[in-house]
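Data block below; observations after.
The values are calculated or read from the model by the stated rules, or taken from the named source; none is laboratory data. Model, not experiment: these values are computed from the prediction. Note that we place each Cβ from the backbone using ideal geometry, even for glycine, and neighbour counts take in every protein chain shown.
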């Protein structure tokens with residue numbers, strides 16, 4: 001091709017395609033998994049997932065008040081609307097995440113439930 005048209009360009013994707021599937025794991029049940037999405041999960045999409053799937057599932061089982069919410073604190077998980085929603089439903093001290101009183105330990109050797117049960121040994 002270059003010999004035919006040395007100025008022709010071949011567009012390349014900056015990132016490879018990805019698929020995201022979310023599920024919530026509790027000691028008694030699993031919420032989800034959600035439908036796979038190929039878009040980037042940002043703070044708005046994550047907040048919508050929590051508001052429309054996780055919170056109603058916990059409310060249906062009447063366990064919001066006894067649930068400790070744990071996430072590793074990825075950027076979309078600490079967006080302001082997400083933090084406000086989590087604070088509203090779980091209170092500041094029942095959340096384990098970055099930017100909350102109980103932070104997920106950086107470089108923690110502990111596996112989160114998904115790492116252990118879904119992709120672990």
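Listing for the model above:
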read-out	value
Selection status of residue 35, over 23 Å from residue 102 (Cα atoms), without any contact (Cβ under 8 Å) to a residue 24 or more places away in the chain and loosely packed, with under 11 Cβ neighbours inside 10 Å	yes
Region 43-73, subset part of a loop (DSSP other than H, G, I, E, B) and at negative phi, residue surrounded by the most Cβ atoms within 10 Å (Cβ to Cβ)	71
Top-ranked residue of region 13-31 - restricted to ones that are in a loop (DSSP other than H, G, I, E, B) and at pLDDT below 80, ranked as farthest from residue 41 (Cα to Cα)	27
Hey, residue 40 exposed (fewer than 12 other Cβ atoms within 10 Å of the Cβ), part of a loop (DSSP other than H, G, I, E, B) and at pLDDT below 80 or not	no
Hits in region 14-31 (condition: closer than 27 Å to residue 95 by Cα and free of Cβ contacts under 8 Å to residues at least 40 places away in the same chain)	19, 20, 21, 22, 24, 27, 28, 29, 30, 31
